[in-house]
Structures are given as C-alpha cells and as structure tokens.
Amino acid sequence: MSLPPGFLDELRNRVSITQVVGRKVIWDMRKSNQAKGDMWAACPFHQEKSASFHVDDRKGYYYCFGCHAKGDAISFVQNTENMSFMEAIELLAREAGLQMPARDPQAVEKADLSQRLVAVTEAAVGFFRLQLKTGAAAEARAYLERRGLDSATIDRFEIGFAPSARQSAFAALTAKGIAAQDLIDAGVATRPDDGGAPYDAFRDRIMFPIRDARGRCIGFGGRAMAADARAKYLNSRETPLFDKGRALYNHGPAREAAGKGKPLIVAEGYMDVIALVKAGFDAAVAPLGTAVTEDQLRLMWRVASEPIIALDGDAAGIRAAMRLVDLALPMLEPGKSLRFCILPEGQDPDDLLRTRGADAMRALLDSAEPLVRMLWRRETEGQVFDSPDRRAALDARLDQILRAIRDPNLRKHYNQALWPLKQALFRPPQQAPSGRQGRGAWRDRGFAEAQTALVETRNSALGSGSLSADDLRATLILATLCRYPALIARFESDLGRLALRDPEHVALADVLLATRASDAAEVVAECLAAGLGLALDRLRAMPHLMIAPFLSGPVSPDKAEACVTEEFQKYHATRALAAEMTEALEDLENAPEGDKRLVRRLNHAVQTRHRAGRPATPDAAGAVSEDTAALSKGLHALIEARVWEKKGR
C-alpha cells in the first residue's frame, strides 16, 4: 500500500521517539537531559554496560556509538519487534491516534471480509477450548497429558477439542448470531456438494489454532483421535484468510523471540513446536503439513537470516531436507541461508526433548550443518568415487546444481567451500616438489637434499615430535569410534586401557566410554554438551585422519572395525614390548656376568616385536614394519655385543 505525501511526517511529529524507545531500555539519568529530550541508555541492539545509545527526541532519531545502529521511531519498532515497515507504521499510528489512509473500495471490501472472518475463527477458538474441558474430551486430555502438555501450555497455545457430532460447532456458533456463510467462508464449516445442511469441518480432533504474524486466527489444524481417521492431521481448507503455503505455525511469537536473539528453529509439526517452546526454544515454527514452500521460506528469512531446519532423523526427514536444499539454492542471497539439524533416527524434537532434555537438543542445534554440507552429503553419501569418470560426473553434477545460485559472488564461495571436500574425497597422490613421483622425484632432489626431510614431513605431528606413533594410533581409534559408536561395546576394555597424554583426548575417551549412543550425531551432541566441541573439531582436522576413507568418505563400518582391531593390536603390542624392554634392561643392569637368562629375555622381546609388526592380513604374513625393524635391530645389537658379559670391564 502506498502512503500519501506528508503522512509519515505527521506520524513522526505525533510520536515521541523517547517514549517508543523507553519501552525497551532503561535511561541513564546521570547522563541524560530529559528537559531537552537528550537521552542515553545501554544499547538494546548489542551487549554493553556503558550508556552509548543516544536518543534525540527533538530530531526524532537514535544512534549507538558502539554498534552504529541508527534510525527513527519506525525503524526502532521494526528492529525490536521484528515487524515489517507497514506493520510498524500501523502500530505507531494506532498509538498516536492517527487514522491510516483510506484504501480503494476493493481493498476496503477485502479488509472488511477478513475482519469478519477473523471474528468467526476467534469465536471458534473459544468454542473448541471450552469443549476440551467436557467429558467428551477425556481421551483428548489424556493424550495431551501423555505428551507432556500441562494446563499452562494448553492455555498458551489455545489448544481445544472438536466434538465428534456432525454439527456441534456449526449449531453453537450460529446460535450466537454468526452467519452460516461466514462459518463456511472461514473454514469452520463445510457445505456438502449436494447442497445439504452445512456440517463441521473438524470432528473428533484436538484443535490447534493457526495465527498469522499479527496474531489473528486464520485457520486450524486438527489432530484425529480415531486411529482409523482418513487423515491424522487436517488443516483448514484454503479460505480468504488461510493459505497453508503462506503461513507458519507460531509465526508471531517466534518472530518476537527471534528479534531478541533466539535462533529460529523450523520443525515439522505442531507438537514439535509446542515441545520446543516449552523447553525454552521460543523461536520455533512449523510449516502446515506440507513441504516448505517458497513463500514460507521468505517468511522465515524475514524473521531470521539463517533458520535452523530441525527435521526427523528418518528417511522422510532426510528427503524433506534434500528437497529444501533445491528449493533454497535459487533464493539464496548473501546473509540469507539455512542450517540443518538432523535428529537421531526415529526421533523428532518432541521425542528428543522428552527423553534426553533441552541440553541435548541445544547441542544438536549448535552443531547444525550449513546448507553447503547438506548438499555435499546428498551428492556423495553412499557412493564410491574410485575412477576418473565418477569424479568427473560428480564435478559436473555439482557445477550444474550451483548454477541455480543467482548471486555470482555467493556461487564462487560455494565452489570454494566444496573444493577441499572434493580433494579429501578423491585423495589425490601427494606430488614431490619437482612434480614427479617415486624414485625419479628423489633423483631430481639430489643426494644432499634427499638426506633432508621434506617440509611437509618435518611439520607433521609425528615428524615434529608433538605426537608419538602411539599417540597418532590412539587418535585414529578415537576418531573412528566417534563416527562408528556401535563399535564401542566391542572395544570398551581396550579403550579403557589407552594411555592418552592429551587432556582433550582423555575427555573424549571418557564420553565414548559413558555413551550409550548408536548414532554419530548423538555422540557429537554429547561431546558438545560436555564442552568438547572444539576438541572434536581439532581431532577431526588432524591430517592423518582426514585422509582415512572411512572417516572422510562414505560410511564403511566393516573397514572401520578392521582398522580399530588392527590399531589396538599394534598399540597393545608396542606397549607390551616397551614394558618388556624396560624390565629386561633393568635386570641387565643388576645381573651377574654370564647370566644366560637375559639372552632368552631379549630374544623373546625381539620375537614379540616381530609378531606385533605383522599386519592382520594373511597375504602380508611376513612383513615387518619400519619401527619393528628398528627396534629389532637395536635388540639384536645388544645381544650380539653380549653387553652383560662386558659389564665391569
């Protein structure tokens, strides 16, 4: 709607910005001069202790010297109440007693119809709420109690009950003077195709009023009590008020909460939203029984720049997330995107909150994946890219998908984000400085250079000495068990015997030993709840782990189990050998000359080390690793030198 010239000036003249802002801040009267309309307060737009937020009532503007927020009374209402420009104007005009400009006759007629139908739906809300308290609604009340809804929550969401009789609502509301046609137009009643008497649109259902951003009831959602009902959930049909593809459940309260800094969470259904709000996640909304539409996505972005899509962890939830990726890509703009929180399989937000509490939900939300990771998962999960053809096909597919992003700079950043993921997945061979590989590379470096370790080798965790071989082996075990927690039960005693030096690794091992999770997302949630998010990120970022195919690529439980088995065998063998060597050398220091038992002890240690070095695969039965060979050589040197016989000479 266009506003006539001078209307905004008149509105600004009538509205005191000090009065508008004063509803949201506490004035610093030591710094303010009320007589001059020169007011100061702590800024409502960022966290601060000093009063750097200045309001000039005479000029009608505000400015923060800390975060540089500025504007007038209209923009202040927009930002603090999360309203659109016209909504803010209408609010301020009502407060100032200023009549909004007249609209064209058709618009006036449409507004009058909407106002009349809203009165009908509000009357229906009252009727349904009263019915929930009757004897006929005993089963409905019991259901709500089983779902954990107390009376305060029921009242907050105005939950009601539609009786099973054919004309309960119709008869009760027409008796109050509401026209039958208005009940039909509002979607409360339905007229049969044969022209017979109207009947209730909702029968034997728990009723959830659906309100728009302005708080007006525009329709209903009904949950069937009968197990054999045609539809478990039923929404109002489309009316002049209600279009389910352009509405969100709990829109108004969520917008207000998001305006105060709460993350916007998008769940699948009414009960999920109610459970989230009850647990303190006030900025929660849900689409109305359908996949998210373009209009709903635009509504979400008006509320928050990066909504979190919290979907059930079943196949249907994953499919819904993937469809939303395709819907969102052409609509993306800098500063407007999505994050995805996929819940453990078989659970929705309501289930998770009832079984594991708000902290577990918060941990999952904090670890929500950006849209680009969801796109990558869809295009790569469960696939093998072991040939140039498959890799080229993935490149072509991703290139085609990213063309949907209209903003060229944003498209460039998506390509940059996908590049390291492709590199890790394809695992290209490391190139020597000359660009050649194998023995030729060593020849090109020359003998003197070949005696010096490459920079990459010197800077590696093993080469720099920051981590020992046992440490690296232990980190591989931890990372694998984090991704495959179903293996923990088998290796629980082995895991408890790991001698970890890094406190972060000790804490991660404690989480793994305590968890009962079978899903990697649950383990991540528990790590986040324990304050180990950064520790987990640092573990995953270790170079020797990023190239492990069963960690960086598709899920492969069999390979992961084989890896953990072999690594534990090597770990325990090297630890046992170290203990054997230490004990043998201590005996050597204290033994008399010629004690032949020491020969047997050292030989036994050598043989143990040889056995530990053999890989588990039958085809490599005789192989000895480099560290095995080195230790064996050292022990043989001791034996051949017969140091115990030279002692004291």
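Quick one: would you say Pro263 is closer than 26 Å to Arg319 by Cα and assigned to a loop (DSSP other than H, G, I, E, B)? Considered against the rule, which asks whether it is closer than 26 Å to Arg319 by Cα and assigned to a loop (DSSP other than H, G, I, E, B), Pro263 comes out as yes. For residues in the stretch 491-506 being of a type in the set (D, E, K, R) and either touching a residue at least 24 places away in the same chain (Cβ under 8 Å) or in contact with a Lys or Arg (Cβ under 8 Å, 6 or more places away or on another chain) (or both), which is farthest from Asp471 (Cα to Cα)? Per the criteria, the residue is Asp494.
Okay, residues lined up against (1) within 22 Å of Val273 (Cβ to Cβ); (2) of a type in the set (A, V, I, L, M, F, W, C); (3) touching a Gly at 6+ places or on another chain (Cβ under 9 Å):
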{"residue": "Lys176", "(1), (2), (3)": "no, no, no"}
{"residue": "Ala180", "(1), (2), (3)": "no, yes, no"}
{"residue": "Ile184", "(1), (2), (3)": "no, yes, no"}
{"residue": "Ala189", "(1), (2), (3)": "no, yes, no"}
{"residue": "Tyr199", "(1), (2), (3)": "no, no, no"}
{"residue": "Phe202", "(1), (2), (3)": "yes, yes, yes"}
{"residue": "Arg211", "(1), (2), (3)": "yes, no, yes"}
{"residue": "Gly215", "(1), (2), (3)": "yes, no, yes"}
{"residue": "Phe220", "(1), (2), (3)": "yes, yes, yes"}
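Name every residue in the stretch 49-65 that is hydroxyl-bearing (Ser, Thr, Tyr) and either loosely packed, with under 14 Cβ neighbours inside 10 Å or at pLDDT 95 or above (or both), in order of residue number. Passing the criteria: only Ser50. When you look at Leu149, is it out of contact with any Pro (no Cβ under 9 Å at 6 or more places or on another chain) and part of a loop (DSSP other than H, G, I, E, B), yes or no? In short, yes.
The set of residues in the stretch 48-74 that are of a type outside the set (A, V, I, L, M, F, W, C) and either more than 14 Å from Gln19 (Cβ to Cβ) or within 34 Å of the chain's Cα centre (by Cα) (or both) comprises Glu48, Lys49, Ser50, Ser52, His54, Lys59, Tyr61, Tyr63, Gly66, His68, Lys70, Gly71.
Taking the conditions (1) under 19 Å from Trp419 (Cα atoms); (2) surrounded by fewer than 17 Cβ atoms within 10 Å (Cβ to Cβ); (3) over 16 Å from the mean Cα position of the chain (by Cα) in turn, Pro370 satisfies each one other than (3). Looking only at residues in the stretch 251-282 that are among the basic types (Lys, Arg) and touching a Leu at 6+ places or on another chain (Cβ under 9 Å), the one that is surrounded by the fewest Cβ atoms within 10 Å (Cβ to Cβ) is Lys278.
Give the residues of the stretch 90-107 that are under 26 Å from Ala42 (Cβ atoms) and either aliphatic (A, V, I, L, M) or at pLDDT 90 or above (or both), sorted by residue number. Scanning the stretch 90-107 gives Leu91, Leu92. Among the numbered conditions (1) in a loop (DSSP other than H, G, I, E, B); (2) in contact with a helix residue (DSSP H, G or I) (Cβ under 7 Å, 6 or more places away or on another chain); (3) assigned by TED's automatic domain parsing to the domain that holds Gly317, the only one that Met271 does not meet is (1). Only one entry in Val15, Val25 is under 30 Å from Ala111 (Cβ atoms) and of a type in the set (A, V, I, L, M), namely Val15. Taken as a whole, the condition of being modelled with pLDDT under 95, surrounded by 11 or more Cβ atoms within 10 Å (Cβ to Cβ) and under 29 Å from Val277 (Cα atoms) applies to Glu87. Can you tell me which residue within the stretch 124-165, out of those that are under 17 Å from Asp204 (Cα atoms) and among the polar types (S, T, N, Q), is surrounded by the most Cβ atoms within 10 Å (Cβ to Cβ)? The residue in question is Gln131.
The values are calculated or read from the model by the stated rules, or taken from the named source; none is laboratory data. Given the structure is predicted, the values throughout are model-derived calculations rather than measurements. Neighbour counts run over all protein chains shown; Cβ positions are idealised from the backbone, glycine included.
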